[in-house]
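Bear in mind that the values in this text are calculations on the coordinates, not laboratory data. Keep in mind that this is a model prediction, so the values were computed, not measured. Cβ coordinates were reconstructed from backbone atoms using ideal geometry, including for glycine residues, and neighbour counts include every protein chain displayed.
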Amino acid sequence: MKHVLVVVEHRKGQTRKVTYELATEARALADQLGGTAHAIVLGAGAQTLAESLATYPLDVVHVAEDADVDAYLIDPTIDYVEAAARSIGSCAVLVPNTMFGRDVASRLIARLDAGMIADVTGFDVDGERLACIAPKLGGATITTCAFVNCDYAVATVRPNAFSAQTSGSGARIEALQKPPDRTYAMRVESEVEEASGEIGLEEAPVVVSGGRGLGGPEPFTTLLKPLADALGGAVGASRAAADAGWVPYSLQIGQTGKTVSPKLYIAVGISGAIQHKVGMRSAGTIIAVNKDATAPISEFSDLVVAGDAFAIIPELTKLVQT
Ligand SMILES: Cc1cc2nc3c(=O)[nH]c(=O)nc-3n(C[C@H](O)[C@H](O)[C@H](O)COP(=O)(O)OP(=O)(O)OC[C@H]3O[C@@H](n4cnc5c(N)ncnc54)[C@H](O)[C@@H]3O)c2cc1C
C-alpha cells in the first residue's frame, strides 16, 4: 500500500475541518509510504472546494460535480470513490469518523474488498505496512492494528485527532469521469433534520462544557447555552453528565466521546479526569470553573475560576453579552 486518498466531507458549501486534518495527515503518510496524497471531492460546489484544498499538501484533488451525489443516496458517492481508488492503485482511504464517513467506509470496503479500522486516532508506518491506533471497548483499550493481505485499506479517522496545516504546494485538480451507475435504491422523499451536536461541537471555536457539578439537565440549557451562544460556541459535556442522561451522548467529550480542539474551552463543574482530558487537551486556552481550586483540571488549565458555577456563569455571560 503506497498511496493515500482522502474522502472530503462538505455541507452547505463548507468543507468540514476534519478534511483539512486528513489532507495534512495524508501527506505525512504518503511520504512515509513512498506514494502520493490524493483527495476526492464530490457534489455541488466541488470545483470551488477543490480549489480551497489546493493550499493543503496534496498531490491531486479528484473532482466531480454530479447532481446524483447531492440527492441523499450514498451509492453514487461510493461509485466515484471506488473508481478513484482503483485508478490510483493500492491505497489507504481516509474518511472522517462521522455519520457520512461511516456510511462511506462500510460500503467502500465491500466494493474494494478492503480492510477497515474504525475511529482511528493515530498512524504508525513501518515500510509499506500501515498500522492504525484506535481506542476500543469504550476506550478501556487502545489498540494498534495493521492492515495485511489487502490492496486497499479504509480508516475512519476521529475529527480533531490531527492538526491541519496548509503548505501552499498547489495540488493538481483532475475531473473524474462518471462511473457506471450501481445505484440500487431511489429517493422517494426526504426530510432533513440537523443532528444535534454532530457538526457544531467538533468545529466550534469555543466549547462550554458541563459536568456532574451542574447537578442536573437544566443548567445545560439555562446556564451554559446562553454563555456558549454569547461566545459563538457550542455546549459539551463530561461523561458523568451524559451517563446521567442530562445531555445526549453526542455532546460527550473525551476518550469515549468526541475530541475537540477549540480556541477556548470552558469546563464548568468538571473535575478533569484523564478520560475527559484526552478529548480537549489540545484546546488553545482552557478555563475551569470549579468549586474546588485543587481539582485535577487545575493542573492543565490556563485559568481556574474557583467558586460556584451558578454564581459565576451568569455574571460571565452578562459581561460577554455587553
Ligand atoms: C473507560 C472509560 C472511559 C471514559 N470516557 C470518558 C469520556 O469520554 N469523557 C469523560 O468526561 N469521562 C470519561 N470517563 C469518566 C471519567 O473517568 C470521569 O468519571 C468523568 O469525566 C467525571 O465527570 P465530571 O468531571 O463531570 O464529574 P466529577 O469527577 O464528579 O467532577 C465534578 C466536579 O464538579 C465540581 N463542582 C461541584 N459543584 C460545583 C459547582 N456548583 N460549581 C462549580 N464546580 C462544582 C466538583 O468540585 C468536581 O470537581 C471514562 C471512564 C472510563 C473508565
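Provide the gained length on full extension for the span LEU137 to ALA175, in nm with one decimal, where the gain is 0.36 nm per separating residue minus the Cα-Cα distance. Intermediate values should be presented prior to the final figure.
Numbers: separation 38, 0.36 × 38 = 13.68 nm, distance 4.13 nm.
My answer for the length gained is 9.6 nm.
Note the full-extension length gain between SER163 and THR285 as 0.36 nm times their separation in residues minus their Cα-Cα distance, in nm to one decimal. All intermediate terms of the calculation are to be shown ahead of the outcome.
Values: separation 122, 0.36 × 122 = 43.92 nm, distance 1.60 nm.
Contour length minus Cα-Cα distance gives 42.3 nm.
Distance between the C-alpha centers of region 256-322 and region 117-146? Whole Å please.
Using only Cα atoms to place each centre, the spacing works out to 29 Å.
I'd like the antiparallel share, as a percent to the nearest 5, of DSSP beta bridges with both residues in region 77-216.
Values: 11 of 21 bridges.
Counting only bridges with both partners in region 77-216, antiparallel ones make up about 50 percent.
Taking R0 as 35 Å, what's the FRET efficiency between ALA146 and SER52 from their Cβ-Cβ distance, rounded to 0.05? Could you put the intermediate results ahead of the total?
Numbers: r = 33 Å, r/R0 = 0.95.
That gives a FRET efficiency of 0.60.
State to the nearest 20 debye the size of the charge dipole of the chain about its Cα centre, where the only charges are +1 on K and R beta carbons and -1 on D and E beta carbons. Mind dumping the intermediate values first?
Working: 26 positive and 37 negative charges, 126 e Å.
Dipole about the Cα centre, nearest 20: 600 debye.
Just list whichever of LYS263/LYS318; LYS17/LYS136; LYS17/LYS291; LYS12/LYS136; LYS225/LYS291; LYS225/LYS277 have alpha carbons separated by over 28 Å in the model shown.
LYS17/LYS291; LYS12/LYS136
With point charges of +1 on the Cβ of Lys and Arg and -1 on the Cβ of Asp and Glu, referenced to the Cα centre of region 3-175, which listed residue (LEU112, ALA131, ALA85) lies farthest in the positive direction of the dipole?
So the residue furthest toward the plus end is ALA131.
Determine the calculated [θ] at 222 nm for the chain from helices alone, applying -39500 (n - 2.57) to every DSSP H run no shorter than 4 residues and normalising by the residue count; nearest 500 deg cm²/dmol. It would help to have the intermediate numbers written out before the result.
Working: 10 runs with 89 residues, N = 322.
The per-residue figure over the chain is -8000 deg cm²/dmol.
For the pair LEU73 and ALA311, how long in nm is the line joining their label points, each one 7 Å along Cα→Cβ?
Label at LEU73, label at ALA311, 6.2 nm between them.
If I stretch the segment between SER106 and ARG86 completely, what's the gain in nm (0.36 nm per residue apart, minus their alpha carbon distance), one decimal?
Working: separation 20, 0.36 × 20 = 7.20 nm, distance 1.70 nm.
Between SER106 and ARG86, full extension yields an extra 5.5 nm.
Can you say what percent of the DSSP beta bridges in the chain, counting only those with both residues inside, are antiparallel? Round to 5. Don't skip to the answer; put the middle values down first.
Working: 13 of 60 bridges.
Taking every DSSP beta bridge within the chain, about 20 percent pair in antiparallel fashion.
Just to be sure I understand: with springs between alpha-carbon atoms less than 10 Å apart, which residue in VAL304, VAL69, VAL188 has the highest mean-square fluctuation in the Gaussian network model of the chain?
The residue that fluctuates most here is VAL188.
Can you tell me the orientation of helix 75-88 relative to the chain, as the angle in degrees between its alpha-carbon axis and the longest Cα principal axis, to the nearest 10?
60 degrees
Rounded, prolate or oblate: which fits region 200-321, taking a ≥ b ≥ c as square roots of the Cα gyration tensor eigenvalues, rounded meaning a/c under 1.5, else prolate when a/b beats b/c? Before the final figure, lay out the partial values.
Numbers: a/c = 1.16, a/b = 1.10, b/c = 1.05.
Rounded.
For the Cα atoms of the chain, what angle does the longest principal axis make with the long axis of helix 17-33, in degrees from 0 to 90, nearest 10?
50 degrees
Taking the Cα centre of region 17-148 as the origin, how large is its charge dipole in debye, to the nearest 20, when only Lys and Arg (+1) and Asp and Glu (-1) carry charge on their Cβ atoms? Intermediate values should be presented prior to the final figure.
Values: 8 positive and 18 negative charges, 78 e Å.
For this selection, approximately 380 debye.
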